[in-house]
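Chemist: Dumping the structure here so I can ask a few things about it.
The values are calculated or read from the model by the stated rules, or taken from the named source; none is laboratory data. Small disclaimer: the values here were computed from a predicted structure and weren't measured. So basically every Cβ, Gly included, is an ideal-geometry build from the backbone, and we count neighbours across all protein chains shown. SASA here: full protein model, heavy atoms, side chains in, ligands and nucleic acids out. Shrake-Rupley method; radii C 1.70, N 1.55, O 1.52, S 1.80 Å.
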Amino acid sequence: MAYDKKILSAARRALERDRAARADELEQRRQDVYARAPRIRAIDRELSTTAVAVLKTALESGGDPGAAIERLRERNLSLQKERAGLLGHLGLPADYLTDKPQCCKCGDTGYQGSATCECVKARYAALLKEQLSAVLPIEDQNFDKFRLDYYPTRFDSRLGDSPREIMADHLYDCRAYAEGFTPHAMNLLFYGSTGLGKTFLSTCIAEVVSARGFSVAYDTAINIIATYETIKFGNGDGEAAAERAARYERADLLIIDDMGTEMGTAFTVSALYNLINTRLMAKRSMIINTNLLPEQLSDKYSPAVASRLRGEFKPLHFVGEDIRLMNRKQM
């Protein structure tokens, strides 16, 4: 998994803020209890200093440390019992002043040994999903809301099946792809006419993959080209463009939407080729949506681009009737 360093740092900062907030709350509780029962303050002070004092005295006098430790244990148990009773009289549980980390695995440090703890990974995944929701309607477009009833059930001899059966297979494949995604998963090429659900199913995959903690970059081909134009020709915010380009190139999954709608210039073809080839060389997964048929790719792009799209991607042909037009008619 390729962690986005900025998002991972944000997840760790959020963990630290929560830990600091709980520490402040615990200190406020402690001061409130001490004001109501000063004896508890005295007990806490003794519990924190007795161990060092007893062991130091035993070692300096040449006495038996074991006996000193046993006396210390008995004294501490007695103090803890008294403390619990005092808290009980205040109507408070015995562990009211005990620090309780949210994560029992790492104690809210964010690490288990040298490895990143699962609690940080969960925060990281939540931030990824939040970032993705800014560009994709993942709350409204998910697998549970994908409707097969939009697709005709009549057998189509040209397709060898009905559009609904074909799309049901695609839905199954896409769900399996998302739920079993790994950083080196296969590449998918969604092709077919407009309004058949290519972007919708891409969004469904992005939502699941992102929720599992993998980074997802999504953009249209037009915007991607504009980003690389800004970097090359300096006609905009270069720093922001460089940050977007880094996401395109390093994300665990890149989704390129509406490929084929961009202007067919030499720079466009070169930029797309470099991006696609870079990710293929690094074995980073891609989903590309296009209205072009596989045989039209060579007309739009260079043989090198067409060869990679047709040879390195699993094609899924989207069929049926334009769902947007159907909805518009119904409205």
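Chemist: Report the residue count in the range 189-212 for those that are more than 19 Å from the chain's Cα centre (by Cα) and of a type outside the set (Val, Ile, Thr).
Modeler: In the first step, residues of the range 189-212 are kept if they are more than 19 Å from the chain's Cα centre (by Cα); the result is 189-200.
When the remaining residues are screened for being of a type outside the set (Val, Ile, Thr), the result is 189-193, 195-198, 200.
Qualifying residue count for the region: 10.
Chemist: Among what's in the range 139-162 and is open to solvent by 90 Å² or more (accessible area, probe 1.4 Å) and assigned to a loop (DSSP other than H, G, I, E, B), pick the residue that is nearest to PRO315 (Cα to Cα). So that I can check it myself, show each step before the final result.
Modeler: Here is the first cut: in the range 139-162, the ones open to solvent by 90 Å² or more (accessible area, probe 1.4 Å) are 139-140, 144-145, 147, 153-155, 157-158.
Now drop any that are not assigned to a loop (DSSP other than H, G, I, E, B), which leaves 139-140, 147, 153-155, 157-158.
On the way: GLU139: 27, ASP140: 25, ARG147: 21, THR153: 22, ARG154: 23, PHE155: 21, SER157: 20, ARG158: 17 Å.
Among those that are open to solvent by 90 Å² or more (accessible area, probe 1.4 Å) and assigned to a loop (DSSP other than H, G, I, E, B), it is ARG158.
Chemist: Taking interchain pairs and intrachain pairs at least six residues apart, which have beta carbon atoms under 7 angstrom, with the first residue in the range 129-145 and farther than 15 Å from ASP4 by Cβ and the second assigned to a loop (DSSP other than H, G, I, E, B) and open to solvent by 50 Å² or more (accessible area, probe 1.4 Å)?
Modeler: That search, which allows pairs on different chains as well, returns SER133/GLU139.
Chemist: If I filter the range 202-212 for residues that are in contact with a Cys (Cβ under 8 Å, 6 or more places away or on another chain) and under 29 Å from ILE323 (Cα atoms), do I get at least one hit?
Modeler: So far as the range 202-212 goes, yes, one or more of its residues are in contact with a Cys (Cβ under 8 Å, 6 or more places away or on another chain) and under 29 Å from ILE323 (Cα atoms).
Chemist: When only residues in the range 223-248 that are touching a Ser or Thr at 6+ places or on another chain (Cβ under 6 Å) and touching a residue at least 24 places away in the same chain (Cβ under 8 Å) count, which is nearest to ASN291 (Cα to Cα)?
Modeler: Among those that are touching a Ser or Thr at 6+ places or on another chain (Cβ under 6 Å) and touching a residue at least 24 places away in the same chain (Cβ under 8 Å), it is ILE225.
Chemist: Pairs under 7 Å by beta carbon, first residue touching a residue at least 24 places away in the same chain (Cβ under 8 Å) in the range 262-286, partner among the basic types (Lys, Arg), six or more apart or different chains?
Modeler: What qualifies is GLY264/LYS300; ILE276/ARG308; ASN277/ARG308; LEU280/ARG308; MET286/ARG279.
Chemist: Step by step: first the residues of the range 146-163, then only those that are touching a residue at least 40 places away in the same chain (Cβ under 8 Å) and not hydroxyl-bearing (Ser, Thr, Tyr), then the one that is nearest to GLU16 (Cα to Cα). Which residue is that? Please lay out each step first, then the result.
Modeler: Kept after step one, since they are touching a residue at least 40 places away in the same chain (Cβ under 8 Å), are these residues of the range 146-163: 146, 150-152, 156, 159, 163.
Imposing the further condition that a residue be not hydroxyl-bearing (Ser, Thr, Tyr) reduces the set to 146, 152, 156, 159, 163.
Values: PHE146: 39, PRO152: 53, ASP156: 59, LEU159: 56, PRO163: 52 Å.
Among residues in the range 146-163 that are touching a residue at least 40 places away in the same chain (Cβ under 8 Å) and not hydroxyl-bearing (Ser, Thr, Tyr), the one nearest to GLU16 (Cα to Cα) is PHE146.
Chemist: Next question. Take the residues in the range 108-138 that are assigned to a loop (DSSP other than H, G, I, E, B) and of a type in the set (S, T, N, Q), then tell me which one is most open to solvent (accessible area, probe 1.4 Å).
Modeler: SER114
Chemist: Does THR261 count as over 29 Å from the mean Cα position of the chain (by Cα) and of a type in the set (S, T, N, Q)?
Modeler: When the stated conditions are applied, THR261 passes them.
Chemist: Please list, ordered by residue number, the helices (runs of 4 or more DSSP H) wholly in the range 163-244 having 3 or more residues that are surrounded by fewer than 19 Cβ atoms within 10 Å (Cβ to Cβ).
Modeler: By residue number, 163-179, 221-233.
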